[in-house]
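This is the structure I want to talk about, given as structure tokens.
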Amino acid sequence: FLLAFAQLSEILREKNGAGGVDRIRSFYTIPRNTLDVLVLGSSHAYYGFQPGVLWDEYGISSHVMGSNKQSVEVSYYMLKEALQYQKPKVVLFETYLVGSGVPFVHEGSMRQAVDSLRMGKNKLELIDALLPNLSWKDKVSYYVPFLLYHGRWSRLSDYDFEKQYFLHGANMDGGLKEMVNQGVDFEPADMPERSRTYLDKMISLCRENGIAFAAFATPFNTLGDTYNYRQAVNQGLQQYFGEQEIPFFFFQKDYVDLFDFSADFRDETHVNYYGQKKITQVIGAYLHGEMGLSDNRSDPSYGAWVRDGELYQAKLAGTELEKAENG
């Protein structure tokens, strides 16, 4: 009964990423201690970074353990969870939600992260930290997601059954929206205190475990005060990371000539596959050249990554995105 219940619960659970990606749950399928780079963050992480490109060009393994509107606080608990199973050489943190300063943006984003985690100490700590005022009775559905999703059987889709874990948490999106670069000429803004607290915790946890920390900010082009504020926070983050000698890839400021704003975006907020590939190539070159991460494609212990790389290439060849491989 328990096995059947667990399987049914897994099928009915709202997945963290359509198309069988399931960004967080698929993390648990990675062979122990074969993950080189752990990527954390919001939708900008899984739209902005492509593990398939990093493996194909540098033989470096990576996984995007991201979720929609993932706060800094949630990223910290994702890191704690990940370190129970992997010892990455680098943690790569995406910064878009640093300016929010809230434990979570809305219940839907919280559920995307929490429901995908295995039951354990970190999941319980995350729930208690982010929902301190919720009664035990109201927390039960976070512990047992089946109680929330048991009626979802009528809305099941193919992606509830197919597993494209070889994408390692990233999207492959060829959508196109022409954009205009607004620039980043803003006075630096301080990040909210709560964000700084948990960012400091992430950095400290990495240092305690001998893991390098790096960060990146993907380009975006939302309008009005949201754009101005988030870019001002990124300006402040550049100073914050600089003081700690932490690499920070501020793409809209330091790599703006890399992007074609008429072809590299899927919407106002996210890059598409073409922009994603450019971002990954820049970071990959740094990881390989400056940080000394090695090419593991000939290492027998990385056999699962070789297979995933082949599946990634097969998927790419079956889409219109393959033209990106030729520039």
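The values are calculated or read from the model by the stated rules, or taken from the named source; none is laboratory data. Source: prediction; values computed, not measured. Here Cβ is always computed from backbone atoms with ideal geometry, including for glycine, and neighbour counts include all displayed protein chains. With ligands, DNA and RNA removed, areas are computed over all heavy atoms of the protein, side chains included. Shrake-Rupley method; radii C 1.70, N 1.55, O 1.52, S 1.80 Å.
Looking at S301, is it among the hydroxyl-bearing types (S, T, Y), surrounded by fewer than 16 Cβ atoms within 10 Å (Cβ to Cβ) and not in a loop (DSSP other than H, G, I, E, B)?
Details: among the hydroxyl-bearing types (S, T, Y): yes; surrounded by fewer than 16 Cβ atoms within 10 Å (Cβ to Cβ): yes; not in a loop (DSSP other than H, G, I, E, B): yes.
Considered against the rule, which asks whether it is among the hydroxyl-bearing types (S, T, Y), surrounded by fewer than 16 Cβ atoms within 10 Å (Cβ to Cβ) and not in a loop (DSSP other than H, G, I, E, B), S301 comes out as yes.
Each row is one residue, and each column tells you yes or no for (1) among the small types (G, A, S); (2) over 19 Å from Y274 (Cα atoms); (3) at pLDDT 95 or above.
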| position | (1), (2), (3) |
| --- | --- |
| L38 | no, yes, yes |
| F49 | no, no, yes |
| I60 | no, yes, yes |
| S67 | yes, yes, no |
| E81 | no, yes, yes |
| Q84 | no, yes, yes |
| V98 | no, yes, yes |
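Just checking, how many residues over the range 26-85 are open to solvent by 10 Å² or more (accessible area, probe 1.4 Å), in contact with an Asp or Glu (Cβ under 7 Å, 6 or more places away or on another chain) and closer than 25 Å to M191 by Cα?
Total meeting the criteria: 2.
Can you spot a residue in the range 307-321 that is farther than 20 Å from W55 by Cα and either over 20 Å from the mean Cα position of the chain (by Cα) or open to solvent by less than 30 Å² (accessible area, probe 1.4 Å) (or both)? Let's see the steps before the verdict.
Residues of the range 307-321 that are farther than 20 Å from W55 by Cα, as a first pass: 320.
After this cut, where a residue has to be either over 20 Å from the mean Cα position of the chain (by Cα) or open to solvent by less than 30 Å² (accessible area, probe 1.4 Å) (or both) as well, the list is 320.
Checked against the condition, which is being farther than 20 Å from W55 by Cα and either over 20 Å from the mean Cα position of the chain (by Cα) or open to solvent by less than 30 Å² (accessible area, probe 1.4 Å) (or both), the range 307-321 yields at least one hit.
Okay, residues lined up against (1) in a loop (DSSP other than H, G, I, E, B); (2) open to solvent by less than 20 Å² (accessible area, probe 1.4 Å); (3) of a type in the set (G, A, S):
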site	(1), (2), (3)
A214	no, yes, yes
N221	yes, yes, no
Y229	no, no, no
N234	no, yes, no
Y240	no, yes, no
E245	yes, no, no
D260	yes, no, no
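Pairs only if they're at least six apart or on different chains, beta carbon under 6 angstrom, first in the range 110-129 and more than 16 Å from Q84 (Cα to Cα) and in contact (Cβ under 8 Å) with a residue 24 or more places away in the chain, second in a helix (DSSP H, G or I) and among the β-branched types (V, I, T); list them, first residue then second.
Close Cβ pairs satisfying both conditions: A113/V74.
Take the conditions open to solvent by less than 60 Å² (accessible area, probe 1.4 Å) and at pLDDT below 90 and apply them to D160. Does it pass? Explain how you work it out, then say what you get.
Numbers: open to solvent by less than 60 Å² (accessible area, probe 1.4 Å): yes; at pLDDT below 90: yes.
So D160 fits the description; yes.
Which condition number does S294 fail, the rest of (1) open to solvent by 10 Å² or more (accessible area, probe 1.4 Å); (2) closer than 13 Å to I60 by Cβ; (3) in contact with a Leu (Cβ under 6 Å, 6 or more places away or on another chain) being met?
Going through the list (1) open to solvent by 10 Å² or more (accessible area, probe 1.4 Å); (2) closer than 13 Å to I60 by Cβ; (3) in contact with a Leu (Cβ under 6 Å, 6 or more places away or on another chain), S294 breaks only (3).
So that you can scan it fast, the table gives a plain yes or no per residue for (1) open to solvent by less than 10 Å² (accessible area, probe 1.4 Å); (2) within 30 Å of Q235 (Cβ to Cβ):
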| site | (1), (2) |
| --- | --- |
| V90 | yes, yes |
| T95 | yes, yes |
| V102 | no, yes |
| V114 | yes, no |
| L117 | yes, no |
| K121 | no, no |
| E125 | no, no |
| D138 | no, no |
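Output the residues belonging to the range 262-290 that are β-branched (V, I, T), closer than 16 Å to V53 by Cβ and open to solvent by 20 Å² or more (accessible area, probe 1.4 Å). Walk me through it before giving the result.
The initial filter retains those residues of the range 262-290 that are β-branched (V, I, T), namely 269, 271, 279-280, 282-283.
Now narrow it down to the ones that are closer than 16 Å to V53 by Cβ: 271, 279-280, 282-283.
Matches in the range 262-290: V282 only.
Just one of (1) open to solvent by less than 30 Å² (accessible area, probe 1.4 Å); (2) modelled with pLDDT of 90 or more; (3) within 28 Å of K277 (Cα to Cα); (4) assigned to a loop (DSSP other than H, G, I, E, B) trips up L176, so point out which.
(1)
Between a first residue in the range 85-105 that is at positive phi and a second residue that is open to solvent by 10 Å² or more (accessible area, probe 1.4 Å) and not charged (D, E, K, R), which pairs have beta carbons less than 6 Å apart while being 6 or more apart in sequence or on different chains?
That search, which allows pairs on different chains as well, returns G101/P192.
Considering only the range 72-91, I want to know if a residue exists there that is assigned to a strand (DSSP E or B) and either in contact with a Phe, Trp or Tyr (Cβ under 9 Å, 6 or more places away or on another chain) or among the polar types (S, T, N, Q) (or both). Talk me through it step by step, then tell me what you get.
As a first pass, look at the range 72-91 and keep what is assigned to a strand (DSSP E or B): 90-91.
The next check asks that each one be either in contact with a Phe, Trp or Tyr (Cβ under 9 Å, 6 or more places away or on another chain) or among the polar types (S, T, N, Q) (or both); those that pass are 90-91.
Yes, the range 72-91 contains a residue that is assigned to a strand (DSSP E or B) and either in contact with a Phe, Trp or Tyr (Cβ under 9 Å, 6 or more places away or on another chain) or among the polar types (S, T, N, Q) (or both).
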